[in-house]
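Okay, so here's the structure we're looking at.
The values are calculated or read from the model by the stated rules, or taken from the named source; none is laboratory data. Owing to the predicted nature of the structure, the values given are computational and were not obtained by experimental measurement. Glycine gets a Cβ as well: all are built from the backbone with ideal geometry, and neighbour counts include every protein chain shown.
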Amino acid sequence: MPLAESVVREIAAIVGEDHARTDTAARIAYSYDATFQQYPPDIVVSPATTEEVAAVVRVAHREGIAVIARGAGTSLAGGTIPVDGGLVLNLARMNRLIEIDVANSCAVVEAGCVTAHLQRAAEQAGLFYPPDPASLEQATLGGNVACNAGGPRCLKYGVTKDYVLGMTAVLADGRVLRLGGKLLKNVTGYQIMQLIVGSEGTLAVVTELVLRLRPLPRVRRTAAAFFLRIDDASESVAAIGAAGYLPVAVELLDDVCMRVVEEHAHLGLPADAGAMLILEMDGNDDAAVSAELGAVAEVCRRHGATEVRVARSDAERETLWAARRGTNSALARLRPNRIGEDVVVPRAEVPAMVRRLHAISAEAGLPIAVFGHAGDGNLHPNILFDRQREGEMERVEIAAAAIFRAALALGGTLSGEHGIGTLKKAFLEEDLGPDTVAVMRAIKDALDPKGILNPHKVFPDAPGPAPAGFLATLPTLDGQLPG
Ligand SMILES: Cc1cc2nc3c(=O)[nH]c(=O)nc-3n(C[C@H](O)[C@H](O)[C@H](O)COP(=O)(O)OP(=O)(O)OC[C@H]3O[C@@H](n4cnc5c(N)ncnc54)[C@H](O)[C@@H]3O)c2cc1C
């Protein structure tokens, strides 16, 4: 339902006319994310300060308007889709890197600051911000915090939550919380800040962050191990951990990913390989780092690696990483649509999960490309499909449900880093159980009793196991505005 003219005028008075848009172009531009879903907001509001965010949220609270915080819209879970309209709060203008504080090893940023901007600035100061989602050139730190984003380096360095020291957050009624600070230790009161991390915009709008930085390792060494059989690659992943090594990253790519990346980017990947692992070690002592990488490579050889290529220069290292980073975009060449899942299993179960994924692909009659952060058990099975093809969505749904349930059966979970959004919410209770979901609801109701912050996300529509047809309920408009 369109917003009342008086409400639009009130919001425009807070942020300026140019930053409160109800025109069709803006509503379409902010109706997507990186899934296949789409629904337009009624208004797109782009504030410049925490005070503006708070004032806009106060109006939305009074009027009962849904508020969907949005960073770069790279969500792979439907997190920013305005499922039935409302107000998209676009944080792109709040993109300042306010400070790199070397003495306190931290950075102060606005929520819309792009992850790669912080990483580059930190490295120039001899420091290091480890979380590295593949979307880091676009995604924002506010979005990373809201999803508790990860990436290849999280095997050794942990995920975004491990780097959040301080936060400014706007609650559903417009109150502003200033939490934590430039403090490396802080256990005063409940850890509200950590509750907001990973809450996907459902508990508060994050406007500013203090993020921990680490000393920049002086040496990084990278290698790629190639295998004829993906089973051998996934057995190697478990063996590297069991042998007591902690690489920065152990990334898996299956043959589908390798083939499409090679066709796209011509990196010289062997044509007969069934899978590859990208291995990275870091530290301050060149000889020690090289020796550890050699030992990890040896573990791979013992488990069937037919070739190990060690990068001898930064350019060669970049080439190896290009294979991994290019996977997402290269897969688009195979089918027009994909669902990038994000399940996690205990690391020792990676081989069993990979076998199960192949079986699910055969049963559903759909290609499923497998890549991901295998070192920490986080796999991204990508179901590739064409939404326009008759009957294809039904098979996608069967495959997606089977993937979630296979991970749960192996002691795993639905998401390692992308979040739940709309895409996985039907399965939340199967994963967490009704009591945990009830506790989550109680927290949500306490902080946002009117339910205006990112509605229809994370929580299932109904209790119990996911019903058949859960995928068909997601909005897909194909560029057409409703009504
Ligand atoms: C090609 C590609 C590769 C990717 N690789 C990775 C990866 O390696 N690791 C990984 O973790 N993710 C990855 N992602 C997923 C995505 O990039 C991350 O989830 C990222 O953290 C989202 O950031 P964003 O700024 O785009 O947030 P958005 O997509 O805009 O929002 C995501 C969620 O966060 C909420 N949100 C955004 N900003 C705020 C805020 N300031 N306050 C409160 N809530 C907010 C939104 O409401 C939504 O629920 C990838 C995505 C793509 C398209």
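Computed values, structure above
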{"read-out": "Count - residues of the range 82-116 that are acidic (Asp, Glu), in contact (Cβ under 8 Å) with a residue 24 or more places away in the chain and not in a loop (DSSP other than H, G, I, E, B)", "value": "2"}
{"read-out": "Residue in the range 281-288 that is in contact with an Asp or Glu (Cβ under 8 Å, 6 or more places away or on another chain) and assigned to a helix (DSSP H, G or I) present", "value": "no"}
{"read-out": "Positions within the range 430-460 being of a type in the set (D, E, K, R) and surrounded by 11 or more Cβ atoms within 10 Å (Cβ to Cβ), in sequence order", "value": "430, 431, 441, 444, 445, 448, 450, 457"}
{"read-out": "Among the candidates 376, 386, residue that is charged (D, E, K, R), under 21 Å from residue 153 (Cβ atoms) and not assigned by TED's automatic domain parsing to the domain that holds residue 478", "value": "376"}
{"read-out": "Cβ pairs under 8 Å, 6+ apart, first in the range 66-79 and more than 17 Å from residue 114 (Cβ to Cβ), second assigned to a strand (DSSP E or B) and of a type in the set (Ser, Thr, Tyr)", "value": "77/415"}
{"read-out": "Yes/no for residue 429 being among the acidic types (Asp, Glu) and within 26 Å of residue 197 (Cα to Cα)", "value": "yes"}
{"read-out": "Every residue from the range 308-317 that is under 13 Å from residue 268 (Cα atoms) and of a type in the set (Asp, Glu)", "value": "316"}
{"read-out": "Candidates 387, 395, filtered to the one that is surrounded by fewer than 21 Cβ atoms within 10 Å (Cβ to Cβ), away from the ligand (no atom under 16 Å from the Cβ) and either without any contact (Cβ under 8 Å) to a residue 60 or more places away in the chain or within 21 Å of residue 234 (Cβ to Cβ) (or both)", "value": "395"}
{"read-out": "Qualifying residue in the range 196-203 (condition: among the aliphatic types (A, V, I, L, M), away from the ligand (no atom under 16 Å from the Cβ) and not in a helix (DSSP H, G or I))", "value": "no"}
{"read-out": "Flag if residue 237 is within 16 Å of the ligand (Cβ to nearest atom), surrounded by 23 or more Cβ atoms within 10 Å (Cβ to Cβ) and among the aliphatic types (A, V, I, L, M)", "value": "no"}
{"read-out": "Looking only at the range 308-352, and only at residues there that are of a type in the set (A, V, I, L, M, F, W, C) and part of a loop (DSSP other than H, G, I, E, B), the one that is modelled with the lowest pLDDT", "value": "332"}
{"read-out": "Matching residues, the range 43-65, being over 22 Å from residue 28 (Cα atoms) and either among the hydroxyl-bearing types (Ser, Thr, Tyr) or not assigned by TED's automatic domain parsing to the domain that holds residue 173 (or both)", "value": "49, 50"}
{"read-out": "Positions within the range 129-166 being surrounded by fewer than 23 Cβ atoms within 10 Å (Cβ to Cβ), within 12 Å of the ligand (Cβ to nearest atom) and part of a helix (DSSP H, G or I), in sequence order", "value": "161"}
{"read-out": "Matching residues in the range 1-49 - criterion: being free of Cβ contacts under 8 Å to residues at least 40 places away in the same chain, over 23 Å from the mean Cα position of the chain (by Cα) and within 16 Å of the ligand (Cβ to nearest atom)", "value": "26"}
{"read-out": "Output for the range 15-34, where each listed residue is buried (at least 20 other Cβ atoms within 10 Å of the Cβ), out of contact with any Ser or Thr (no Cβ under 7 Å at 6 or more places or on another chain) and outside any strand (DSSP E or B)", "value": "27, 30, 31"}
{"read-out": "Any pair with Cβ under 6 angstrom, 6 or more apart, that starts in the range 125-145 at a residue that is closer than 19 Å to residue 77 by Cβ and ends at one that is near the ligand (Cβ under 7 Å from one of its atoms) and not in a loop (DSSP other than H, G, I, E, B)", "value": "142/91; 142/206; 145/206"}
{"read-out": "In the range 399-429, the residues that are part of a helix (DSSP H, G or I) and surrounded by fewer than 17 Cβ atoms within 10 Å (Cβ to Cβ)", "value": "408, 409"}
